[in-house]
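Report on one structure; see the data block that follows.
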Amino acid sequence: MRHRVLIFLSLLACPLSATAVTTQVPPVPPPASAPASTIDSNVRKDVVAKLSDALRDNYVFPDVGQKAAEKITTSLAAGEYDKLSDPSAFAARLSADIAAIAHDKHLRINAMGGLPPSAPGPDDVMPRSEAGVVRADKLAGGVGYIEVIGFPPLPAFKPAADKAMLALKGSRALIIDERRNGGGSPDGVDYLVSFLVLPNRSMDINDIVARVPKTHNFEHNKHSSQPTPVSFAKIPIYVLTSKNTFSGGEEFAYDVQTHKLGKIVGEVTGGGANPTGPVDLGHGFVAGIPFGRAENPITKTNWEGRGVQPDVSVSAHDALKVALQKLGRKPATEIASASLKQVFAPRSTPLPGSEAVARQFIAGIARGKPDYAAMTPEFAKFNREQLPMTRGIFAPLGELRSIKFEDVGMMGGDEYRALFANGAMIVAVVLNAEGKVAGAMMRPAPAGE
């Protein structure tokens, strides 16, 4: 089910972000190369060669990356991939072969040119959110409730989180529902944790140990708490989890638990702790390669392969009910029946000025001449590096004809349907407080539009 969650981070999307993320579905952009409906031996050989290099050069555990590279290289030479002409089947086999060595849930290969996925079931459809925040509610007895299903980078997450948490100011207890949280950006996780830290205290929340590419050296990047407009420190905190809580969602629960900021109620989480980056393998294939690992400053380890163990183990279905019982409140399994007042809902209108900024950004990318001055420095740097790929995506579409507001995306950006001479794309832009583009993502417009 959760492999369809967070569709903006799936193989059909291109998140243009300068921030490394940890997600259940790796943030893989559409490759610059056009996908094929079938592949031959030359394609398989080229993809295996590029994937082998990526594993050796970038995977967080160099010895494991070497063994995984040897595995797929040997399998190719033995003819084990010869009958795999469908790109999706080939990608699935490569993922399985690597998983047998690495046992890393973030490490996977995707193909754009294979058979279409099956239609999603009702449990696969995520609720509307604004930058991952679904809703915030006031419950009986001064209990606050917020559901967060993803952690976009901070420029998108902060405005929505601030609005929702300020609406819960004065709560005597707080329930944070992560049962549908598939992960996201570490700085988004840091910010939500910061609401639970004493206002005048700076706390080392989590470290990312990142491999320097093509070396066996590592860099330690500390992630610390930061100021928030309201604090919920020193009140009872309950975090709800499920087996589908993954990656950045797990980090939040792990941070709360290890720093003794609250209690975890629900199921053992998915067990993925390695931040991931995309690698274009050509021919419509993209790999999500974990380049680092989380390292908690207290435990000196993380939840990889084990998941976060709840303080109160119950089914995900009963997690809200049990948390309410722990707080001495009337039990309820659904927030709708427990809520006295919903105080936050995702916005449905664009931010002022976002249409003009989006039009300028899309037109610049399509022409291959982005206006870097209209972007944050970090995002401008990222776009310079990615321009050949993004230009390759937009060039076949031709001239931009119009854009139309669609919705507020899960990343917090305003989504626009961009109509070109030869096709259409959904492009979302995330603006910072100064109105500059701090992040963006794109995906093909749904069929039939």
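The values are calculated or read from the model by the stated rules, or taken from the named source; none is laboratory data. Bear in mind that the values here come from a model prediction, so they are computed numbers and not experimental data. All Cβ positions, even for glycine, are placed from backbone atoms using ideal geometry, and neighbour counts span all protein chains on display. We work out accessible area using only protein heavy atoms, side chains counted, and drop any ligands, DNA or RNA first. Shrake-Rupley method; radii C 1.70, N 1.55, O 1.52, S 1.80 Å.
A few points about this structure:
- Take every DSSP beta bridge whose two residues both sit in the chain; close to 80 percent of them are antiparallel.
- Relative to the longest principal axis of the Cα atoms of the chain, the long axis of helix 87-102 makes an angle of roughly 60 degrees.
- Rounded to the nearest 10 degrees, the inclination of helix 377-394 to the longest alpha-carbon principal axis of the chain is 50 degrees.
- Fraction of accessible area attributable to carbon and sulfur, the chain (%, probe 1.4 Å): 54 percent
- Residues whose placed amide H lies under 5 Å from that of residue 205, excluding near-sequence neighbours: 223, 224, 225
- Annotation: residue 391 carries an accessible surface of approximately 80 Å², with a 1.4 Å probe and no ligand, DNA or RNA atoms counted.
- Percent of Cα pairs in the chain per distance bin of 10 Å, from zero to the largest separation: 4, 21, 30, 26, 14, 3, 0.
- Rounded to the nearest 10 degrees, the inclination of helix 154-167 to the longest alpha-carbon principal axis of the chain is 20 degrees.
- Accessible area of residue 357 in the full protein assembly, 1.4 Å probe (Å², nearest 10): 30 Å²
- Each residue of region 197-213 was assigned a 3J(HN,Hα) from its phi angle through the Karplus expression (A = 6.51, B = -1.76, C = 1.60, θ = phi - 60°), giving 9, 3, x, 9, 10, 9, 10, 6, 7, 7, 10, 10, 9, 10, 6, 6, x Hz with x at Gly and Pro.
- Solvent-accessible area per residue for the chain (1.4 angstrom probe, square angstrom): 41 Å²
- Accessible area, probe 1.4 Å, largest first, for residues 382, 361: 382, 361
- Ordering of 246-253, 67-74, 392-399, 215-222 by burial proxy (mean other Cβ atoms within 10 Å per residue, highest first): 246-253, 67-74, 392-399, 215-222
- 13 Å beta-carbon shell around residue 258, net charge (K/R +1, D/E -1): -4
- Dipole of region 290-426 [Lys/Arg +1, Asp/Glu -1 at C-beta], most positive-end residue of 325, 408, 344: 325
- The peptide list 196-202, 42-48, put in order of mean Cβ contacts within 10 Å with the highest first, becomes 42-48, 196-202.
- 5 angstrom amide H check on residue 420, placed H, neighbours 5+ away: 401, 425
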